[in-house]
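In what follows, a structure is listed as structure tokens, so that the remarks can point back to it.
The values are calculated or read from the model by the stated rules, or taken from the named source; none is laboratory data. All values derive from a computational prediction rather than experimental measurement. Note that we place each Cβ from the backbone using ideal geometry, even for glycine, and neighbour counts take in every protein chain shown. To get the accessible areas, we keep the full protein, side chains included, count just its heavy atoms, and leave off ligands, DNA and RNA. Shrake-Rupley method; radii C 1.70, N 1.55, O 1.52, S 1.80 Å.
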Amino acid sequence: MMLREAARHEIVAKSLLEAPNFWLFFFTDLVQLKSFEVTADAFELLKVLLMGHGVLAARFIQNNYAAFVCHFNLLLQSNNYVTCRESIRLLGELLLLRENFSIMMSYISDRENLKILMNLLRCKRKRIQIEAFHLFKVVLQIQLMSHHGG
């Protein structure tokens, strides 16, 4: 919780995003733990880092797009309920940020990403299906608008 509060300051967020162990820490270790409390807190910290500093986070994601998508898609496919559900929610929020427009367009243009989202719609856990459905609606709407020029 202290780290999350510190991450609200841009200089701390920048240091965390640029840390050599960022990927391991957030995308492998912390958010995949069995403990609900630790996993939920890790996602809150990740949310502060990726959503709390829009321009900084957008630049980070753009500069590390392939690694980010690879790691994030692993979270979306996690067997851990909390990890999967919170990943879907966070992705939906991230893609809708104005600063992430080019990231959103790149993400939804990739068939592999869409396959992952479609597979989440088939999940046996109803809450994950619902979250995936909401995200998929947004993706479809954006694609329809981009194909119809509006």
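If we scan region 109-122, do we find a residue that is modelled with pLDDT of 90 or more, surrounded by fewer than 17 Cβ atoms within 10 Å (Cβ to Cβ), polar (S, T, N, Q) and under 29 Å from residue 145 (Cβ atoms)?
For region 109-122, residues modelled with pLDDT of 90 or more, surrounded by fewer than 17 Cβ atoms within 10 Å (Cβ to Cβ), polar (S, T, N, Q) and under 29 Å from residue 145 (Cβ atoms): present.
Looking only at region 81-97, count every residue that is within 17 Å of residue 139 (Cβ to Cβ) and open to solvent by 50 Å² or more (accessible area, probe 1.4 Å) and tell me the total.
Count: 3.
Is it fair to say residue 8 is surrounded by fewer than 16 Cβ atoms within 10 Å (Cβ to Cβ), closer than 25 Å to residue 146 by Cα and among the charged types (D, E, K, R)?
For residue 8, the condition - surrounded by fewer than 16 Cβ atoms within 10 Å (Cβ to Cβ), closer than 25 Å to residue 146 by Cα and among the charged types (D, E, K, R) - is not met.
Six or more apart or on different chains, Cβ atoms under 9 Å: show the pairs whose first residue is in region 102-131 and of a type in the set (Lys, Arg) and whose second is open to solvent by 30 Å² or more (accessible area, probe 1.4 Å).
122/129; 125/81; 125/85; 127/81; 127/85
Which of the residues that make up region 19-31 are open to solvent by 60 Å² or more (accessible area, probe 1.4 Å) and either at pLDDT below 80 or closer than 22 Å to residue 93 by Cβ (or both)? Before you say what the answer is, go through the steps one by one.
At the first step, the residues of region 19-31 found to be open to solvent by 60 Å² or more (accessible area, probe 1.4 Å) are 20-21, 24-25, 28-29.
The answer is 24, 25, 28, 29.
Considering only region 35-120, give the helices (runs of 4 or more DSSP H) lying wholly within it that have at least 1 residues that are within 16 Å of residue 135 (Cβ to Cβ), under 11 Å from the mean Cα position of the chain (by Cα) and charged (D, E, K, R).
Values: elements: 36-51, 54-63, 65-76, 81-96, 101-109.
By residue number, 36-51, 81-96.
Working only within region 121-150, note down all residues that are part of a loop (DSSP other than H, G, I, E, B) and either under 18 Å from the mean Cα position of the chain (by Cα) or among the charged types (D, E, K, R) (or both). Quick ask: steps written out before the conclusion?
At the first step, the residues of region 121-150 found to be part of a loop (DSSP other than H, G, I, E, B) are 122-125, 148-150.
Correct list: 122, 124, 125.
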